[in-house]
1. Out of 337, 266, 298, I need the residue that is crowded, with 18+ Cβ neighbours inside 10 Å and under 18 Å from residue 367 (Cβ atoms). Which one?
2. Considering (1) touching a residue at least 24 places away in the same chain (Cβ under 8 Å); (2) touching a strand residue (DSSP E or B) at 6+ places or on another chain (Cβ under 7 Å); (3) more than 30 Å from residue 420 (Cα to Cα), say which one residue 177 fails and leave the rest.
3. Going by what's in this entry, would residue 293 be described as in contact (Cβ under 8 Å) with a residue 40 or more places away in the chain, surrounded by fewer than 19 Cβ atoms within 10 Å (Cβ to Cβ) and under 32 Å from the mean Cα position of the chain (by Cα)?
4. Could you say which residue among 382, 354, 366 is at pLDDT 90 or above, within 30 Å of residue 302 (Cα to Cα) and assigned to a helix (DSSP H, G or I)?
5. Is it the case, given these coordinates, that residue 292 is touching a strand residue (DSSP E or B) at 6+ places or on another chain (Cβ under 6 Å), under 27 Å from residue 193 (Cα atoms) and assigned to a helix (DSSP H, G or I)?
6. Run down 304, 285, 281 and say which single residue is surrounded by 20 or more Cβ atoms within 10 Å (Cβ to Cβ), in contact with a helix residue (DSSP H, G or I) (Cβ under 7 Å, 6 or more places away or on another chain) and within 26 Å of residue 107 (Cα to Cα).
7. Quick check on this structure: which one of 185, 267, 208 is over 30 Å from residue 103 (Cβ atoms), in contact (Cβ under 8 Å) with a residue 60 or more places away in the chain and in contact with a helix residue (DSSP H, G or I) (Cβ under 9 Å, 6 or more places away or on another chain)?
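The values are calculated or read from the model by the stated rules, or taken from the named source; none is laboratory data. Predicted model only: the values in this text are computed from it and were never measured. Here the Cβ is made from the backbone with ideal geometry for all residues, glycine too, and neighbour counts use every protein chain on show.
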């Protein structure tokens with residue numbers, strides 16, 4: 001027979017007072033959860049029905065099972081529905097279980113019962129866990145039965161479901177204990193809610209402040225190197241854990257441990273606060289008076305600093321070049337500190353007169369905010385000057401942020417998972433020439449600092465500053481990331497880049513075409529993956545099969561082994577290999593990879609292979625195939641000057657038609673320029689068109705034009721050869737020409753910068 005004062009009897013008795021929370025939990029997991037699973041199954045059947053109608057029953061049957069399994073792994077696993085229900089039940093359970101702490105009468109009643117404080121805490125806490133676990137398991141079993149009835153269950157689904165249950169239980173405990181701590185620290189349910197919100201968002205706000213101030217004050221700050229393991233929010237840790245598990249990342253286990261430590265620590269703190277909580281705390285804002293100044297400072301300082309940062313963005317405060325606007329930033333920080341402390345004190349005292357109290361808290365908050373501001377303003381940590389000792393560095397990664405050797409790249413791991421350029425380099429680039437990278441960093445930072453310090457008076461027209469990310473892997477296990485601005489036209493820099501970017505390790509970690517991952521993707525000719533490979537230039541395209549592509553890439557890798565930065569900088573590609581890979585993940589959902597590999601004149605073995613296998617075609621335009629050439633000159637510099645001039649004289653309601661400019665010498669060509677200004681955007685059209693049909697003119701133009709798709713028009717990381725962005729060249733082929741039969745009526749070409757024929761420059765010049 002069960003004693004009336006036994007633990008289980010008290011658990012049972014406490015549950016009677018929590019029936020509505022049980023009802024909410026049962027509604028969520030025993031009703032909504034199975035219904036959600038059923039709807040997911042229905043969605044799959046609808047998708048398969050669509051496939052059957054459009055592609056046939058056979059294909060529909062092929063994808064049905066895999067689609068159902070995949071959908072059930074998501075629905076029974078880490079779905080957003082379960083996550084939201086878990087967080088909601090944790091919130092309700094913690095607040096309802098200890099709601100008596102908000103009432104002095106209820107506290108007196110509970111204190112009069114023959115149950116010790118320790119035991120009462122454990123009873124309520126234990127019930128809060130039971131009312132989550134039991135409904136969840138019941139709903140999970142029902143959902144699995146529904147899935148099994150539709151043939152959507154296998155070992156992988158069961159495994160995913162129970163792994164998710166374990167992770168969600170850990171997440172529940174994290175949220176549950178966080179809310180418990182908020183309850184123990186407050187004496188009013190509204191303040192408890194505010195406390196839960198602060199606990200949930202505090203880490204995010206602090207990170208925003210740190211990130212914003214690093215970005216504002218540090219010239220070489222890198223977002224990529226600012227990744228920090230979350231430690232103050234169960235929501236952040238849960239998100240990182242789930243993401244890692246979904247990607248198969250073994251490093252995700254640290255977030256599991258983090259959640260466990262977080263939940264356990266908050267449980268201990270909640271228990272200690274419960275034991276020490278005074279009965280008279282009921283109804284007060286804060287249960288413990290000594291916590292008020294601490295909480296006030298911890299809350300007000302980050303908010304004030306964030307407000308200052310937002311104002312700084314509004315007034316374009318850029319301390320790296322000028323201190324204009326710093327007054328607005330400092331004034332905002334001080335204003336928010338004063339107002340924030342006043343509001344917090346009103347909340348603590350539930351009295352408007354309280355805003356005038358505790359002025360010392362404002363002073364302390366101001367001192368802390370000032371110290372924080374000065375740390376970043378004067379870089380007391382040495383962040384912007386940091387270049388590690390090469391002897392302390394294990395390896396490095398150097399990642400150019402822009403187009404180098406190719407226009408387009410899709411980065412992916414060996415199993416096809418998408419990666420950013422930084423992630424790819426971090427995983428696959430291990431440079432051994434550490435001394436050269438450190439020297440480059442030190443040299444570039446000194447030069448760039450000089451340029452920035454003399455910004456208003458100094459500008460080197462010969463300089464070309466390109467952005468790069470450097471990852472230092474230190475021997476002590478730390479990773480330090482910095483951004484660099486590199487003058488790729490400076491002699492010593494070019495020498496260092498020849499060594500760094502000419503290495504095999506760099507190419508394997510930066511160029512997907514050199515790595516083995518692309519070859520694996522092409523070699524896998526599974527049914528789920530479609531591959532389209534084309535080779536050519538602007539006016540020539542030919543499909544290439546996968547086996548030929550794999551063979552070609554072997555030659556390409558050998559060519560790349562000896563290529564230096566200087567060679568790339570001084571070259572233009574002669575042709576391009578485009579690879580498009582599409583993989584079906586589920587019905588009506590695919591993922592694609594697109595890779596463009598540029599072939600340069602120095603790729604001798606690759607070009608020899610292309611010629612041997614009949615793919616190679618010269619890109620040089622044959623004048624005999626051309627009927628006429630139309631050149632469009634946008635005259636951008638003149639357009640900018642006219643726009644600036646006109647913007648100062650045009651009235652608010654005016655629409656000015658500047659006129660039509662023609663070329664008197666022309667007779668049968670389309671040559672007119674429509675020049676107009678539209679108030680609002682001050683958009684002036686300064687284009688001049690000239691059509692050439694004379695064979696001599698065609699021959700002179702055909703000798704210097706370049707396929708537009710194969711050359712960049714605005715930016716190359718290496719500062720190399722570009723097209724002249726002012727000109728667009730449209731070539732019209734003769735009806736009986738090989739080019740017309742192979743490509744079509746016309747094709748787009750361009751002029752290389754500084755190589756536009758003089759007569760074209762004269763013919764297409766804008767005449768004011």
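1. 337
2. (2)
3. Here the answer is no, as residue 293 does not meet what is asked.
4. Only one candidate qualifies: 366.
5. Answer is yes for this residue.
6. On the way: 304 fails: within 26 Å of residue 107 (Cα to Cα); 281 fails: in contact with a helix residue (DSSP H, G or I) (Cβ under 7 Å, 6 or more places away or on another chain).
Answer to the selection: 285.
7. Working: 185 fails: over 30 Å from residue 103 (Cβ atoms); 267 fails: over 30 Å from residue 103 (Cβ atoms).
Exactly one of 185, 267, 208 is over 30 Å from residue 103 (Cβ atoms), in contact (Cβ under 8 Å) with a residue 60 or more places away in the chain and in contact with a helix residue (DSSP H, G or I) (Cβ under 9 Å, 6 or more places away or on another chain), namely 208.
For every residue, the table says whether it meets (1) part of a helix (DSSP H, G or I); (2) surrounded by 13 or more Cβ atoms within 10 Å (Cβ to Cβ); (3) modelled with pLDDT under 85.
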residue: 552; (1), (2), (3): yes, yes, no
residue: 557; (1), (2), (3): yes, yes, no
residue: 571; (1), (2), (3): no, yes, no
residue: 582; (1), (2), (3): no, yes, yes
residue: 598; (1), (2), (3): no, yes, no
residue: 602; (1), (2), (3): no, yes, no
residue: 607; (1), (2), (3): yes, yes, no
